[in-house]
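Since the structure comes first, as structure tokens, the remarks are kept for the end.
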Amino acid sequence: MTHPKKFRTSTYLGTVDVGQGFSLLYNGFTSRLDLLPTDLAAQLVNGRGWRDFSFLSAEEEQHLLNRGHLTGWTVRDELEAFKKLAEKTHQSNEALHHRVKGRRAIAFILTYQCNLSCTYCYQDDLRKNENLPAMDEAFVDDFFGRYIKHLLPWGRIKNAHFLLFGGEPFLPGNRSALERILRYALNYGASVSAASNAVLLPKMLDLIGPEKGKINNVQVTLDGDQLFHDQTRIPPSGAPTFEAIIHSLRTLIKVKARAVIRIHLHPNRLQSTRELVRYLDQEGLLGHDSVHVYFAPTTFFDGPEGPPSYFENLSDLFQDVSLKQNNPPSPFAGGFARIMDPLAMRNRLRLRYCAAGTGLLHVVDARGDLYDCYEEAGHKARRIGKLEGGRVKYFQLKETYTKRHILNIPECLKCSIALYCGGGCLSQARLKKGSIFKPFCHLNNEFVGQTLKAYYLLRQAGQVGGEGMGG
């Protein structure tokens, strides 16, 4: 078949407006970034297929071809080439995961009980199950005595990371198990972090700090300004929690632990988020050396669509936070930390959204059940294995999860951010789409674009280094 024009815009080309009449072109296949006038960028991305590019000079056309933004491949040929890159990346990533020195993590679900009753909690049904025990000292001793050697290959416990989860890990009844885990962490030199609502954190303050054998990092969630937060993250009594959590954040800073503030984004509640950001800024928490803030859409955002005004305002807020803390408030920030260096960008391509399926993380609860995902924990049908008789018994689901990557998600193979996003959360894909082999986009496209924009603006402000654009 002959075509009237020999070039077309790449399937994997995206763009984000960075202001002052310019936009970043980013190519999810070639990992190339270019700064173009916004009107020219729009002309490129708003038409797919064989086109007339006579509005470009010969030099511009050749440059865009060299970068992969324009291509002479058919859609099918480009897709096949993209698959080959994904396959090569997958092989490289899997080899890296199995290196002797690869870091492993163990997440301990100390209990499924919680002192709060948040309106959207994914563990709501588990709190009602009286047959779910809490972790105790005997379980911790048995775990470290008989099982950890099976979960951390070659016994490399010293390179491990322990995560403390719930429910709420800082419930008073968990203290003895916490102390025992920390004792093992000290013996092995492992680092420790926790995810907590932080209401009860001051009662565990002696267990937190920068020293070995203590909890060095605590993630805390806020839902918005005080008024909205106190309507959603509440105990069964309905009592407010915002001020108690802010007090705990200040306490973490005093004991020189690191605090990560996860700000939930709710549909139609951006003004509340803006008020929270303003408050954190005024209180000296935003931009503090010991605090990192990031945004996380709630699962009420089901898909990439939304009111344009929401995303315009979110972009402004996202970039404001990025400049103030010198880091994008994005779950993708870590993979893009050297985004201005295209080679580094390529090295951080990923085919999975998280550690599920890699063997780098095991989630264990007090029944000795193993899971690949925090959100799957407590549901026996979602177990990948079981600790039993001094051995680890794995189930078929473990092997199924190893296959959950973009090469097995057809929709992802045609997406410009597939190698940055990894297909989205597998648990939510199962719940919302009916299969883990479906994508769960969850505003990921918006977040990738805003993260790229943030690193560009930070570099322009002289706050981050990196190689020049067009490298």
(message) Please compute one quarter of the surface area of the Cα convex hull for region 190-312 and express it in square nanometres.
(response) 8.8
(request) Once you have the Cα-Cα distance between Gln231 and Lys203, take 0.36 nm times their residue separation minus that, and quote the gain in nm to one decimal. (result) 7.7 nm
(message) Could you compute the net charge surrounding His292? Neighbours are other residues with a C-beta less than 13 Å from the C-beta of His292; K and R count +1, D and E count -1.
(response) +2
(request) Would you kindly enumerate the cysteines in the chain that have no other Cys beta-carbon under 4.7 Å from their beta-carbon? (result) Cys114, Cys354, Cys373, Cys412, Cys415, Cys421, Cys425, Cys441
(request) Select from Cys415, Asn187, Val448 the residue farthest towards the positive end of the dipole of the chain; place +1 on Cβ of Lys and Arg, -1 on Cβ of Asp and Glu, and compute about the Cα centre. (result) Asn187
(request) Subtracting the Cα-Cα distance from 0.36 nm times the residue separation, let me have the gained length for Lys149 to Phe55 in nm, one decimal. (result) 27.5 nm
(request) List the aspartates and glutamates whose Cα lies under 17 Å from the Cα of Lys128, skipping any in the same chain that are fewer than 8 positions away. (result) Glu168, Asp365, Glu375, Glu376
(request) In whole angstrom, note down how far apart the Cα centers of region 400-434 and region 54-114 are. (result) 13
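For region 8-93, what is the Kirkwood estimate of the hydrodynamic radius, computed as the reciprocal of the mean inverse distance between distinct Cα atoms, to one decimal in Å?
Working: mean 1/r = 0.0738 Å⁻¹.
Taking the inverse mean of 1/r over all distinct Cα pairs, region 8-93 comes out at 13.5 Å.
Rank-order 233-239, 429-435, 174-180 by packing density, defined as the average count of other C-beta atoms within 10 Å over each peptide's residues, highest first.
Numbers: 233-239: 13.3, 429-435: 15.1, 174-180: 18.9.
Per-residue mean Cβ counts within 10 Å order the peptides as 174-180, 429-435, 233-239.
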(request) Obtain the nm distance between the two label points defined at Arg48 and Glu275 by a simple spin-label model: each point lies 7 Å from its Cα along the Cα-to-C-beta direction. (result) 4.1
(request) Report ³J(HN,Hα) in whole Hz for each residue of region 121-137, in order, from the Karplus equation J = 6.51 cos²θ - 1.76 cosθ + 1.60 where θ = phi - 60°; Gly and Pro get x. (result) 4, 6, 9, 3, 5, 5, 5, 8, 8, 6, 8, 9, x, 8, 6, 10, 4
(request) Treat every Asp and Glu Cβ in region 8-93 as -1 and every Lys and Arg Cβ as +1, leave all other atoms uncharged, and give the resulting dipole magnitude about the Cα centre to the nearest 20 debye. (result) 360
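Please report, in whole Å³, the volume per residue of the convex hull around the C-alpha atoms of region 250-296. Can you show the working numbers first?
Working: hull volume 2.9 nm³, N = 47.
Value for region 250-296: 62 Å³ per residue.
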(request) About the Cα centre of the chain, how large is the charge dipole given +1 on each Lys and Arg Cβ and -1 on each Asp and Glu Cβ? Please answer in debye to the nearest 20. (result) 1760
(request) First measure r as the distance between the Cβ atoms of Ala81 and Ser435, then evaluate 1/(1 + (r/R0)^6) with R0 = 25 Å and state the FRET efficiency to the nearest 0.05. (result) 0.40
(request) Lys and Arg at +1, Asp and Glu at -1: add these up for the other residues within a Cβ distance under 12 Å of Asn216 and post the number. (result) +3
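So if I take the alpha carbon set of the chain, get Rg, then get Rh from the Kirkwood formula, what is the Rg over Rh ratio? Display every interim value, and only then the final one.
Numbers: Rg = 23.5 Å, Rh = 23.9 Å.
Ratio of gyration radius to Kirkwood radius: 0.98.
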(message) Counting only other residues whose beta carbon sits under 9 Å from that of Leu186, what net charge do I get with K and R as +1, D and E as -1?
(response) +2
(request) Can you tell me the 0 to 90 degree angle between the C-alpha axis of helix 270-282 and the longest principal axis of the chain, rounded to 10? (result) 70
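Taken together, the values in this text are just the output of simple stated rules run on the coordinates, not laboratory data. If you're wondering where the values come from, they're calculated on a predicted model, not measured in any experiment. Positions of Cβ are generated from backbone atoms using ideal geometry, with glycine treated the same way; all protein chains shown enter the neighbour counts.
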